[in-house]
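Asker: Before anything else, here's the structure in question.
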Amino acid sequence: MSTANIHRTRAAGRSGSDRIVFIDIAKGISIILVVLFHSRLGAVQPELIADLGLLRMPLFFFLAGAFFSFSKPPDRLIAQKFDALLKPYFVTLCVAFLIEGLVRGDPLGGYLIKLLYGTRPGRLWGPMWFLPHLFLVTVFAYFLFHRLRLARWPVPLKWILLLVMLAIGSAVLGDGPRPRHPLPYRDVVLLGLPWGIDLLLVTTPFFLAGSFLKETILRWESTRPALVVLTLAVFISIASLTDAKITLYSGVYSDPLLCTAAAACGIYLVLTTARGISTVPGLRELLRFVGQSSLFILLFHRITELTLLRVVAAFTPDRPVVLLLAVFLLSLAVPIGLRSVFARVPVLARLYFPRVQSARRHAGNTTPDLPLAAPAPQKPL
């Protein structure tokens, strides 16, 4: 191979790696928005936090779809997604509920129902509803893709299908909130349908949109400033001038047209921001690491924050913004630290990491998996 070809090959490899970094950074921004929503900092700027809800969970499902491949056999898909999503869900909640039930002296039957129903695990573990629901979304999207043979559909028809699904899903949810079902156990109230089935027609379209745009996203070389300004203006206008609101946990998707437009603009702005950050040394590595730790942050940020707030309350009744900011940052840092610890303990690695990653870590290979190959460059998005 000539010297010129070698340099071109290396440059292409660096370019592909940069695109994977860019997606990891977007995941990092996404999980930071989730932690920010659950933090006490929300009380400082409640309107801003509510506005960010227009993109927070749609972005999460969109990025999950961007990593997904429909080419796997169904049995392998279900096994892999159980390993990656449901295994840490069941392991964490089984241990947590067992300890809590024994300490409080509550019947374990109530905890078992909450565990299996999957929509309201409790105050300390509320954000974990996302894991069984994402498993459900993944399987539903997979069978929808193959049963309807979406790969053969013209592009416009695919997007029409997603809009129709969003309209139906919004109508199913109504004006919210989702119905609650109290049970004769202390603090056991079930929310909506099991595993968020009632949310499926709202969340699946964002997952499929991420999958449809996967190649375009990975070929994204630059952005158009005029388009960035336009999408930002649309997002701010919808957030500030309309009643559009997205709170999926509560079952709120108030206006299919406005909410979808705001979510699309927000996703574009986050991807644009992530692409820009991917060129900034230091910040790029930090946010990429946060993105790669998103599962652990989702699992443990809530209990970390509430525990820290109890410690703070023991010393001072006041909660200045600086202190709340410190708690917020620690709610990100502690789960990231737990990820590093769990990766070094073989038993915990097998329980919390997918089997392939667990085997590599146990063998001493800590190189992160790259879930997507990088295609050749394309026009700006």
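The values are calculated or read from the model by the stated rules, or taken from the named source; none is laboratory data. Computed from a predicted model, the values in this text were never measured in an experiment. Here the Cβ positions follow ideal geometry from the backbone for every residue, glycine too, while neighbour counts run over all protein chains shown.
Asker: Looking only at residues that are exposed (fewer than 14 other Cβ atoms within 10 Å of the Cβ) and either of a type in the set (A, V, I, L, M) or touching a strand residue (DSSP E or B) at 6+ places or on another chain (Cβ under 8 Å) (or both) in the range 93-108, which one is modelled with the highest pLDDT?
Answerer: Restricting to residues being exposed (fewer than 14 other Cβ atoms within 10 Å of the Cβ) and either of a type in the set (A, V, I, L, M) or touching a strand residue (DSSP E or B) at 6+ places or on another chain (Cβ under 8 Å) (or both), the top hit is VAL95.
Asker: Could you list, in sequence order, the residues of the range 80-129 that are over 22 Å from TYR249 (Cα atoms) and of a type outside the set (A, V, I, L, M, F, W, C)?
Answerer: GLN80, ASP83, GLU100, GLY101, ARG104, GLY105, ASP106, PRO107, GLY109
Asker: For the condition within 21 Å of LEU200 (Cβ to Cβ) and hydrophobic (A, V, I, L, M, F, W, C), what is the one hit in LEU98, LEU163? Talk me through it step by step, then tell me what you get.
Answerer: Working: LEU98 fails: within 21 Å of LEU200 (Cβ to Cβ).
It is LEU163.
Asker: Within the range 33-41, is even one residue closer than 19 Å to ARG284 by Cβ and not β-branched (Val, Ile, Thr)?
Answerer: Scanning the range 33-41 turns up at least one residue that is closer than 19 Å to ARG284 by Cβ and not β-branched (Val, Ile, Thr).
Asker: Determine which member of the set ILE217, ILE246 is under 20 Å from SER278 (Cα atoms), in contact with a Phe, Trp or Tyr (Cβ under 9 Å, 6 or more places away or on another chain), of a type in the set (A, V, I, L, M) and touching a residue at least 24 places away in the same chain (Cβ under 8 Å).
Answerer: Checking each option against the conditions leaves just ILE217.
Asker: Among (1) at pLDDT 95 or above; (2) touching a Phe, Trp or Tyr at 6+ places or on another chain (Cβ under 9 Å), which single condition is VAL139 missing?
Answerer: Of everything listed in (1) at pLDDT 95 or above; (2) touching a Phe, Trp or Tyr at 6+ places or on another chain (Cβ under 9 Å), VAL139 misses just condition (2).
Asker: Which residue, of PHE60, PHE90, is within 22 Å of GLU285 (Cα to Cα), part of a helix (DSSP H, G or I), modelled with pLDDT of 90 or more and not aliphatic (A, V, I, L, M)?
Answerer: On inspection, the qualifying residue turns out to be PHE60.
Asker: Turning to a different aspect of this structure: Inside the range 168-226, can you point out the residues that are of a type in the set (D, E, K, R), farther than 27 Å from SER69 by Cα and assigned to a loop (DSSP other than H, G, I, E, B)?
Answerer: Those that are of a type in the set (D, E, K, R), farther than 27 Å from SER69 by Cα and assigned to a loop (DSSP other than H, G, I, E, B): ASP175, ARG178, ARG186, ASP187, ARG224.
Asker: For the range 183-195, check the following and say yes or no: at least one residue is among the small types (Gly, Ala, Ser) and in contact with a strand residue (DSSP E or B) (Cβ under 9 Å, 6 or more places away or on another chain).
Answerer: yes
Asker: Now, a different point. Out of curiosity, is ALA233 surrounded by fewer than 17 Cβ atoms within 10 Å (Cβ to Cβ) and over 21 Å from TRP153 (Cα atoms)?
Answerer: yes
Asker: What is the residue count in the range 158-204 for residues that are surrounded by fewer than 19 Cβ atoms within 10 Å (Cβ to Cβ) and in contact with a His (Cβ under 6 Å, 6 or more places away or on another chain)?
Answerer: Of the residues in that region, 1 qualify.
Asker: Against the conditions (1) under 16 Å from SER211 (Cβ atoms); (2) charged (D, E, K, R); (3) touching a Gly at 6+ places or on another chain (Cβ under 8 Å), where does ARG147 fall short? Just the number, please.
Answerer: Unmet for ARG147, out of (1) under 16 Å from SER211 (Cβ atoms); (2) charged (D, E, K, R); (3) touching a Gly at 6+ places or on another chain (Cβ under 8 Å): (3).
Asker: Tell me which of these ALA314 doesn't satisfy, since it passes every other one: (1) within 21 Å of LEU41 (Cβ to Cβ); (2) surrounded by 20 or more Cβ atoms within 10 Å (Cβ to Cβ); (3) among the aliphatic types (A, V, I, L, M).
Answerer: Of the numbered conditions (1) within 21 Å of LEU41 (Cβ to Cβ); (2) surrounded by 20 or more Cβ atoms within 10 Å (Cβ to Cβ); (3) among the aliphatic types (A, V, I, L, M), the odd one out for ALA314 is (2).
Asker: Quickly run through the range 315-344 and pick out the residues that are assigned to a loop (DSSP other than H, G, I, E, B) and touching a residue at least 60 places away in the same chain (Cβ under 8 Å).
Answerer: Within the range 315-344, just ARG319 meets the criteria.
Asker: Let me ask something additional. Answer with yes or no whether VAL280 is of a type in the set (A, V, I, L, M, F, W, C) and part of a helix (DSSP H, G or I).
Answerer: Values: of a type in the set (A, V, I, L, M, F, W, C): yes; part of a helix (DSSP H, G or I): no.
Here the answer is no, as VAL280 does not meet what is asked.
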